[in-house]
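The values are calculated or read from the model by the stated rules, or taken from the named source; none is laboratory data. Computed from a predicted structure; not experimentally measured. Here the Cβ is made from the backbone with ideal geometry for all residues, glycine too, and neighbour counts use every protein chain on show.
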Amino acid sequence: MSQIRVFLRSALPIGVLICLFVPASAVAAGAPAQVTVRVEGLSETKLPPTIVTTITNPVVKDGNSADSCPGTSALGALDLATGGNWSGPWEAKYNQYSIFTIEGETHEFEESASANYFWSFWLNDKDSELGACETELQPGDRVLLFPSCYGTSCPMPEPTPLEIEAPATANVGEATAVTVKQYNTKGEATPAVGASVIGGGAGATTDSQGHATLRFFAAGANTVRVSGAAGGTPAIRTETSICVHNGNDGNCGTTIPGVSIIPKGMPVIPPPTPVQVAIAKGVSNGRHYSRHGAPRILRGLVDPGNDTLRGVRISLQRRNGKHCMVFSGTKEAFVRARCGATRFFSVGAAESFNYLLPAALPPGRYVYDVEAINGAGKPTKLVPGVSHVVFYVQ
């Protein structure tokens, strides 16, 4: 229930509210601190990890100087990180602001709804014991807000946040190890199993210990995104930045051989053109399935980077002996085709998708391909074992 303290409404049990809230007027302003703020929406990241240094100026959202929160509070950090792009009314009863909208996404607690979404506030991978207005921040603190649900029709179990541990830099082509953990409301971490880690042309799925290995194809600054842990508690996605260099190319703090200081104007490999990464999921590359254990749901993930995602399409080919077929998305059935032929069909334009096959797959050798279409109408290249997966049904 502690997630509710960011979002105040009289519909909540009064006994709970009395225990959860301290009037903002009773909280003394602290000292400025450098902190990180992140906001995750229901379907997308609203604010990536953003470093700000809090200030002592109070937050007065409604123009009434009497309605203020300390600028050094978590709400003050949110105000700075979003450039004031949040809104919510002053709750006189509790002497602080409710948060209804952040970066254009609104979750306003509705008394009559059976599933009430509100902005949950976590601090340092733990459900905060105080509200955003009354939480004074310390240097290095990490603020996270994301939608939670209160009511009889809420998804259960509720999703909890992921965090990724990754090096700040990596070398082109070399194995880069990352670890993904999932936290509960008490701040206890467990390995995130089956989480998808994609970005910068690299992609992988975490193992039973939450570990994954990435290999980057080009130098530059890359955003690595993490989503969805399989078979466990639903997850709130996360991301991090990894600077990739190609040996001693002058990127990421490396030094070009023979050059102690890079002269002004000396070329340094620029960040790569934003790329989209497509990952085929739901099947394992090279795996042999029994007839009864064959996959019925084809899944996939796409990382659009900084590009526009115009669409996602898939192809499923089948070969049994000398006979070859491709799956038709319009007929929802396999049709005869020459061996090696593909027939892509659209599965929408979302960054993740699930496609339910109409029937169990018969025996054969299958090739499952996933392509993302960028803003210029160009598809991503198929990568063996990542977006080009071969499997068998016996």
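Search segment 97-114 for residues being of a type in the set (Val, Ile, Thr) and free of Cβ contacts under 8 Å to residues at least 24 places away in the same chain, and hand back the single one that is farthest from Asn85 (Cα to Cα). By that ranking, first place goes to Thr106.
Residues that are modelled with pLDDT of 90 or more, at least 3 per element: which strands (runs of 3 or more DSSP E) completely within segment 293-351 meet that?
Strands (runs of 3 or more DSSP E) meeting the threshold: 309-320, 323-328, 333-336.
For Glu108, the conditions (1) surrounded by 15 or more Cβ atoms within 10 Å (Cβ to Cβ); (2) not in a loop (DSSP other than H, G, I, E, B) all hold with the exception of (2). Go through the residues of segment 164-176 one by one and say whether even a single one is in a strand (DSSP E or B), touching a Gly at 6+ places or on another chain (Cβ under 7 Å), among the aliphatic types (A, V, I, L, M) and crowded, with 21+ Cβ neighbours inside 10 Å. No, every residue in segment 164-176 fails to be in a strand (DSSP E or B), touching a Gly at 6+ places or on another chain (Cβ under 7 Å), among the aliphatic types (A, V, I, L, M) and crowded, with 21+ Cβ neighbours inside 10 Å.
Of all residues in segment 61-103, count the ones that are part of a loop (DSSP other than H, G, I, E, B) and among the small types (Gly, Ala, Ser).
Selection size over segment 61-103: 10.
The rows are residues; the columns are (1) under 23 Å from Pro304 (Cα atoms); (2) more than 15 Å from the chain's Cα centre (by Cα).
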{"position": "Pro155", "(1), (2)": "no, yes"}
{"position": "Gly173", "(1), (2)": "yes, yes"}
{"position": "Thr190", "(1), (2)": "no, yes"}
{"position": "Ala195", "(1), (2)": "yes, no"}
{"position": "Ala202", "(1), (2)": "yes, yes"}
{"position": "Gln209", "(1), (2)": "no, yes"}
{"position": "Ala221", "(1), (2)": "yes, yes"}
{"position": "Cys243", "(1), (2)": "yes, yes"}
{"position": "Asn248", "(1), (2)": "no, yes"}
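Inside segment 131-149, residues that are within 22 Å of the chain's Cα centre (by Cα) and surrounded by 13 or more Cβ atoms within 10 Å (Cβ to Cβ) make up a count of 9.
So, in segment 129-163, exactly how many residues are hydrophobic (A, V, I, L, M, F, W, C) and either farther than 24 Å from Ile99 by Cα or in a loop (DSSP other than H, G, I, E, B) (or both)?
Number satisfying all stated conditions: 6.
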